[in-house]
Amino acid sequence: MPNVQFAKVREPRHDAAVKAKIFTFVQKLTEDDTTAALHIEPMQQAADSRARTGRVDQFWRAVLYRIDTPTAGTTYVYAGTWPHDQAIERARTRALRINPVTGVIEFYEAIGEGGGAQGVPTASPSLPAPAPKKESYLGTNGYLRPELEALLGFDPAVADALYAATSDDELLAISENRENEWERLAILGLAVLDTIDKIRADLRLDHQEDVPDDASDDERLQKGLEHPAAKMQFTFIDNDEELRRVIEGEDFGAWRVFLHPEQREYATKSRNGAFRLTGGAGTGKTVVLLHRARHLHRANVTGRVILTTFNRSLAEALKRDLERLDGSIVRVEKLGEAGVLVRGVDQLAAAVRDQAGAAFWASAEAVYGSPIEPRNPFDGNQETSFWQSAIDSAGQSLPPQLQSPAFFEGEYLHVVLSQSITTREQYFTARRPGRGVALDRRKRADVWTVIEAYRQATSLAGKMSFAELAAVATATLNAGAMDGAPADHLLVDEGQDLSPLHWGLLRALVAEGPDDLFIAEDSHQRIYGQRVVLSRHGIAIRGRSRRLTLNYRTTQQNLGFAMSVLEGGEYLDVEEGQEEVNGYRSSRRGPAPLLVGNPNATAQYETVAATVRGWIEEGVPPQNIAILARTNSRRDAVKTALAERGVTVSAVISGEGQGASPVVMTMHNAKGQEFSRVVLFDVSEGQMPAPWALDQAAPEERDDVLLRERSLLYVAASRARDELVITWGGEPSVLLSGSWS
Ligand SMILES: Nc1ncnc2c1ncn2[C@@H]1O[C@H](COP(=O)(O)OP(=O)(O)OP(=O)(O)O)[C@@H](O)[C@H]1O
């Protein structure tokens, strides 16, 4: 029975009926390639004697390459389905070969009279004619023409065209027409002026497959399919499920199959301890986590893998995607079971509570100074109300700026719970790193009085915060109440938004060792809480940190705008290093983001309504459109205003939208999501940065609040895959004053 390797090529978009026929065709091919109905036919005078076409139906033909080796038998490389004549033309003119410089398997266009002599390279007709009169973009930036051929393996004609390009845009236009993924990404690297060495390293072009000297051409091709750079474009079809995913997935499903060599390495390589994967919004961090979860699970089915993220709705999305990636992964519902457990981080604390039973409430002694009776977590904004009442009743002697629930929530979480402080005396000498405001002994005594009042009132009400839940869960695990750590591998998404108590909990859930913690995070996207330094929570990264820079989600134009929002912010990462902003790139291009100022609120509503209406008329599926607002009340206001203008949108409170209408949600709720078209609504002075967020913050925390507002706009802007519109009424927000134009 032949094997099938599926190659990602730019074939025509197929409707469901054709896809079903392709599915049946490939299925039959894997069963028996001599089946007459498949019409597997060699090409006359073809550039590659391996080229074949096969009959999908009367109109459509598949293009195939047949490789025969003694060890692997027959392999067909499936290279897309085309209308009859086009398929013949492609099969006749395109060869499959090993790039002589890099060893990567590739499609190679060789054209000549009547089908062409085999192996004679010529420029693809899609290449623009060289324009020698103007200055070469690559030449001016210090690249040498021969390097493109000798070090990157470009065909001479392609190298000529690249060297003749006068701008990065011209380079990208060439890249869009190249057939091979490695070519497209190498050109993108050149466009953003990566060094040749970096391009070679990123795409693993230095990697050489181990092939004996006397290997046949077919054996070399077979081996070439294993090259890390080939895995971006070629995938082995294992079973019907995999085949269905590849055929039906198209671009949206590409993440499940075609990983960038860097992504593949991060998903599969074993690490000695905690590892941090950083990278801008849309660089595929979540994709790596999902693949890594599958990899760890497959490597040891008795292993206990936890995949966690900031909240429940993001965890639900991870669950769905894990299922899409591989339906055979054993998903479990309890801590300590073999398989993959997907939970929000607070749900993990609740799982410890539920599974440890009485031991959990007994362990509360480490947090409160004495065991507690079972309690329920707060609902909604209850925590703030409890702090306010405690301040009102016991905090009147404090300076006014400390009489704020925000100050107390921060102090309680970052100082009291983080250090398991249970008495006034301990609090007098507690370290308060990163808390800004200094507290003398007198003030500390007053603060502690409020904390005691809060603890008393919450105890009476039978309530606790999620931070307290995490603290008690950590104490429970550290006391050994669950027979050792309940996980072997812990994978964390959205790490930048986790609190010190979350990190304490995660550390306690998995014992230190190889592949214990894998953390995906992006400091630029921190929109909740204070920055955390991981080493203070028993998590030592020590050089095991890497960054992804290729944006898979959005266009270069949207990316440029999103990055410009970050300008003016000072970002430190979780290892206290400067977070880098350079090097991000996208291979996709699109329209420039539209910034639309409006004289007043009514005009702004008109703008948003017209924009959404226009997109729907254009044929954009309504559920791929999102309007993002800074607050719940602005979300509700724009929903009502749009309804008054005949545009129905559904408000998303948490999780995903319902049904087939555009969604409106807060920027916070848009975290982790993506849409084709996005409106950032009311990015006006007086709305963003939110004045109330600044007012509520203690003076020394205002800079961080501002930074988070900047990050929030960045998160929101980076949700758009294709088009982005930013609106305001009156004056624009100061956050829009970056260098973007
Ligand atoms: N190798 C790939 N091939 C095709 N698409 C990919 C690949 N990797 C990621 N993507 C797509 O890019 C988009 C962003 O990926 P993902 O959500 O993993 O990024 P992220 O870094 O976690 O983003 P954010 O930080 O904004 O949450 C998704 O649509 C994903 O399917």
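Derivation of every value follows stated rules applied to the coordinates shown; laboratory data play no part. Because the structure is a prediction, the values reported are computed rather than measured. Here the Cβ is made from the backbone with ideal geometry for all residues, glycine too, and neighbour counts use every protein chain on show.
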Once both label points are put 7 Å beyond Cα along the C-beta direction, the Asp695-Phe236 separation in nm becomes 6.4
The answer for Gly80, listing residues at least 5 apart or on another chain whose modeled amide H is closer than 5 Å to its amide H, is Ala7, Val63
Over region 137-202, relative contact order from alpha-carbon pairs under 8 Å, at least 6 apart, %: 30
Whole-angstrom gap from region 30-70 to region 231-246, using each part's C-alpha centre: 19
Once both labels are modelled 7 Å past Cα along the beta-carbon direction, what's the Val533-Asp483 spacing in nm? 3.9
Using the Karplus curve 6.51 cos²θ - 1.76 cosθ + 1.60 with θ = phi - 60°, what ³J(HN,Hα) values do you get for each residue of region 241-247, in whole Hz, with x for Gly and Pro? 4, 4, 4, 4, 4, 5, 6
Relative contact order for the chain: what percent, with Cα pairs under 8 Å and sequence separation of 6 or more? 10
Classify the chain as rounded, prolate or oblate, taking a ≥ b ≥ c as the square roots of the eigenvalues of its Cα gyration tensor: rounded when a/c is under 1.5, otherwise prolate if a/b is larger than b/c and oblate if not. prolate
Among 706-718, 190-202, how do they line up by average Cβ neighbours within 10 Å per residue, starting with the highest? 706-718, 190-202
Report the extension gain between Glu425 and Gln382 in nm, rounded to one decimal, defined as 0.36 nm multiplied by the number of residues separating them, less their alpha carbon distance. 12.7 nm
Take Glu567, project a point 7 Å from its Cα along the Cβ direction, then tell me which residues of region 712-741 have their backbone nitrogen under 13 Å from it. 735-741
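For the chain, what is the mean residue ellipticity at 222 nm derived from helices alone (per DSSP H run of n ≥ 4: -39500 (n - 2.57); sum divided by total residues; nearest 500 deg cm²/dmol)?
On the way: 27 runs with 290 residues, N = 741.
Using -39500 (n - 2.57) per qualifying helix, the result is -12000 deg cm²/dmol.
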Report ³J(HN,Hα) in whole Hz for each residue of region 204-211, in order, from the Karplus equation J = 6.51 cos²θ - 1.76 cosθ + 1.60 where θ = phi - 60°; Gly and Pro get x. 6, 6, 7, 5, 10, 6, 7, 10
First check a/c for region 137-202, with a ≥ b ≥ c the square roots of the eigenvalues of its C-alpha gyration tensor; if it is under 1.5, answer rounded, and if not, answer prolate when a/b is larger than b/c or oblate otherwise. rounded
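Can you order the peptides 432-441, 413-422 by their average number of other Cβ atoms within 10 Å per residue, highest first? Before the final figure, lay out the partial values.
Values: 432-441: 13.7, 413-422: 20.0.
Ranking, from highest mean packing down: 413-422, 432-441.
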Per residue of region 441-455, what does 6.51 cos²θ - 1.76 cosθ + 1.60 with θ = phi - 60° give for ³J(HN,Hα)? Whole Hz please, x for Gly and Pro, Karplus curve as stated. 4, 4, 5, 4, 4, 5, 5, 5, 4, 5, 4, 5, 5, 4, 5
What is the set of long-range amide H partners of Ser586 at a cut-off below 5 Å, with H atoms built 1.01 Å from backbone N? Asn551
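What pairs in Lys223/Lys269; Lys285/Lys463; Lys198/Lys231; Lys198/Lys285; Lys231/Lys269; Lys28/Lys269 have C-alpha atoms more than 26 Å from each other?
Beyond 26 Å: Lys285/Lys463; Lys28/Lys269.
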Rounded to the nearest 20 Debye, what is the dipole magnitude of the chain about its Cα centre when Lys and Arg each give +1 and Asp and Glu each give -1 at the C-beta? 1040
Helix 702-717 sits off the longest principal axis of the Cα atoms of the chain, rounded to the nearest 10 on a 0 to 90 degree scale, by 30
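Under the classification rounded if a/c is under 1.5, otherwise prolate if a/b is larger than b/c and oblate if not, where does region 360-462 fall, given a ≥ b ≥ c as square roots of the Cα gyration tensor eigenvalues?
Numbers: a/c = 1.79, a/b = 1.26, b/c = 1.42.
Note, shape of region 360-462 comes out oblate.
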On a 0 to 90 degree scale, rounded to 10, what angle separates helix 345-356 from the longest Cα axis of the chain? 70
Could you list which residues have their amide H under 5 Å from that of Ile627, counting only those 5 or more apart in sequence or on another chain, with H placed in the peptide plane? Val663, Val664, Met665, Val679
Can you tell me the 0 to 90 degree angle between the C-alpha axis of helix 312-325 and the longest principal axis of the chain, rounded to 10? 20
With labels modelled as points extended 7 Å from the Cα through the Cβ direction, what inter-label distance (nm, one decimal) is found for Asn141 paired with Leu193? 0.7
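Which order do peptides 689-701, 272-284, 45-57 fall in by mean Cβ count within 10 Å, highest first?
On the way: 689-701: 15.5, 272-284: 23.1, 45-57: 20.4.
Listed from highest to lowest mean packing, they are 272-284, 45-57, 689-701.
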